[in-house]
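Structure record follows, encoded as C-alpha cells.
Where a number appears in this text, it was derived from the coordinates with a stated rule and is not lab data. The model shown is predicted, which means the values in this text are computed figures rather than measured ones. We place every Cβ from the backbone using ideal geometry, glycine too, and count neighbours over all the protein chains shown.
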Amino acid sequence: MKDKIHPKYETVTVRCVCGNTFETKSTSDKLDVQICEKCHPFYTGKQRSVQKAGRIERFNKKYKVEEEEEEVVEEDETTNEN
C-alpha cells in the first residue's frame, strides 16, 4: 500500500438528535445522526403495527384462488363416494 494516500481510520463519537452518544470507527471527523438504536421505533417497541393484506392474500383475492380450491375439494369428495 502506498503511504499518505489513505484517509485516517480513527475512533469518532456519534451524536444522535435524541442526545445519545456512542463511539465507532470512521474516516470522518464527527458523525451526527438523526435516529439511533435508542430512539428508533423498531428498537424501542413503539412502532405502529399497520396490518395490510400480505402478498399471498392479495393474490388469492385478486385471482379468487379460494373459490377454485373449494370446487376441487367438492369434486374429490364425489369421486371418493363412488
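Here are some notes:
- Placing pseudo-labels 7 Å out from each Cα toward the beta carbon at Arg58 and Lys38 gives an inter-label distance of 3.8 nm.
- Less than 5 angstrom separates the built amide H of Phe22 from those of Val14, all sequence-distant by 5 or more or on a different chain.
- Chain lengthening between Lys30 and Lys8 when straightened (0.36 nm per residue, less Cα-Cα): 6.7 nm
- For Ile35, nonlocal amide neighbours, meaning residues 5 or more places apart or on other chains whose placed amide H falls under 5 Å from its own, are Val17.
- Phi-based couplings in Hz for segment 23-29 (Karplus 6.51, -1.76, 1.60; Gly and Pro marked x): 10, 8, 9, 7, 8, 7, 6
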